[in-house]
Each structure stands twice: as structure tokens, then as C-alpha cells.
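What follows is a short report on a single structure.
Quick note: the coordinates plus some simple rules give every number you see, no bench work behind them. Since we're looking at a predicted model, the values are computed, not measured. Here the Cβ positions follow ideal geometry from the backbone for every residue, glycine too, while neighbour counts run over all protein chains shown.
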Amino acid sequence: MSLWQIVLLALLQGVTEFLPISSSAHLILVPAWLGWEDQGIAFDVAVHLGSLIAVIAFSRREIAAILGEWRTWLLHRAAPGPSARLGLMIVLATLPIGMLGLLLHDTVEASFREPWLIAVAGALFAVLMVWADRRPQYDTRLREIGFKQALWIGCGQALALIPGASRSGVTITAARALGMAPRAPAPAPRPAPARPRPPPPRGPGRGPPRAPRPPACPSCWRYRSSWRPPGWRL
């Protein structure tokens with residue numbers, strides 16, 4: 001592979017990784033469409049490493065909270081907090097795909113990289129995602145799920161070993177099928193209220209008061225021209 005092919009595939013994987021579309025499928029379909037040689041599963045795993053680093057950097061506070069509560073739980077025998085429990089569920093949900101990946105490594109690399117299988121899997125999981133999103137929900141939040149639900153979500157994620165089934169897509173589908181509510185978006189910032197303009201200064205700081213205007217006398221121009229303000233002296 002040339003350098004520009006590596007850069008193109010790495011950018012493609014980075015863009016599609018965080019969308020509910022299969023980045024692994026795009027890494028197979030694009031070279032097949034352009035007539036390139038299949039880069040193999042080792043290259044796919046290598047470019048996914050960049051996405052893993054990005055996820056760790058984005059979730060560093062949550063990861064630090066999980067590790068901190070694990071330390072308190074294991075060393076000081078304290079009751080596990082919500083972050084420690086969330087970390088245990090993440091580990092439990094990762095076990096199915098890890099075990100199947102080790103058992104089916106050769107099969108995945110030899111038989112699951114066919115374009116027709118990717119097309120069928122993509123269409124099938126798109127239908128499942130729409131079905132799961134439209135079924136009745138129970139508004140279950142992430143920190144409210146149990147270990148049984150976490151294991152089912154992990155089993156759904158194991159289907160992502162098939163190129164065409166997005167990891168994020170099947171995880172969202174499994175969670176929605178179990179009744180989890182989507183995460184509420186952050187509220188849009190409200191504009192600050194306009195401050196009322198202060199009234200103009202009054203008194204000595206504004207300057208000397210203006211002299212009163214002469215009385216209107218349209219029929220007597222002499223009186224108008226000879227009028228002087230009160231207290232005026234030559």
C-alpha cells in the first residue's frame with residue numbers, strides 16, 4: 001500500500017467510527033471499489049487504535065472516576081459507587097465480543113470480508129435499529145441498568161464482528177431494545193439578558209444648565225431681540 005492510500009483509509013475510519021455505520025465495512029468496500037488489494041484485518045485493527053486513543057482522551061474524566069472508585073472499593077473495602085459499578089458493567093459487556101473474537105479470528109478474516117455479506121448485514125441491522133428505536137421505551141438511564149442488561153448489550157455488540165454491523169449501531173440497537181432512553185442533549189445556552197442603559201447623568205457633572213429660551217413673540221421682533229435671560233448683566 002502506498003502512503004496516500006494509508007492516509008485515506010485512516011481518515012475514512014476516523015470519520016465513520018463514531019457514526020452508527022460500520023467503519024470496518026468501509027475499510028473493505030472502498031479498496032474493493034477502487035481496485036486496491038485488501039489490506040487485511042491487521043491494518044484495520046491498527047487504524048482502530050487511533051479511535052481508541054480519541055475515546056480515552058474524550059472520556060478521561062469518567063475513566064479517572066471509575067479507577068478512583070475501584071481503588072477505594074478494593075483497597076479500603078468501601079461500598080462500590082456508581083462509577084465503580086458502571087466500570088464493572090463495561091467490563092462485563094466487553095467479554096462476549098472479546099471471547100468470540102479470539103475463537104472466530106480465522107473465520108472472520110477468511111469469510112466475513114465479502115462485499116455481499118457486508119451489504120446484507122448493513123441492510124439487516126439498519127432495519128433492526130429502526131425497529132428498536134420505535135418500540136416502547138422505559139426511560140432507563142445508563143447508571144440504572146443491571147448486570148443482566150449489560151451482558152445482553154455486550155452480546156449484541158459481539159455481532160459487530162461481522163463487517164457491515166456497526167459496533168456503535170448494534171450497541172445502540174441492543175440498548176434501545178432493552179428500554180434504555182437516549183441521552184438527553186445538552187441544553188442550548190440562553191443569551192444573557194440585555195442590561196438596561198443607565199439614565200444620563202444629572203446635576204453638576206453634566207455641565208452648566210442651558211439658558212431658558214426666550215418667550216415666543218412672533219409679532220414683536222424687537223421684544224424678542226432685546227430679551228435677555230434673568231440675571232444677565234453686561
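In a DSSP loop and with at most 10 other Cβ atoms within 10 Å, the GluC sites (Glu not before Pro) in the stretch 33-69 are Glu37. Where Lys and Arg each count +1 and Asp and Glu each count -1, what net charge lies around Gln13 among other residues with Cβ under 14 Å from its Cβ? The answer is -1.
Converting phi to 3J(HN,Hα) with the Karplus coefficients 6.51, -1.76 and 1.60 and the offset θ = phi - 60°, the stretch 86-102 yields 5, x, 5, 5, 5, 4, 5, 6, 7, 4, x, 5, x, 5, 5, x, 5 Hz in sequence order, with x at every glycine or proline.
When a/c is below 1.5 the answer is rounded, else prolate if a/b is larger than b/c, else oblate, so apply that to the stretch 77-165 with a ≥ b ≥ c taken from the square roots of the Cα gyration tensor eigenvalues. It comes out oblate by the Cα gyration axes. Applying a DSSP loop filter and a limit of 14 other Cβ atoms within 10 Å to the chymotrypsin sites (Phe, Trp or Tyr not before Pro) in the stretch 1-65 leaves Phe18, Trp36.
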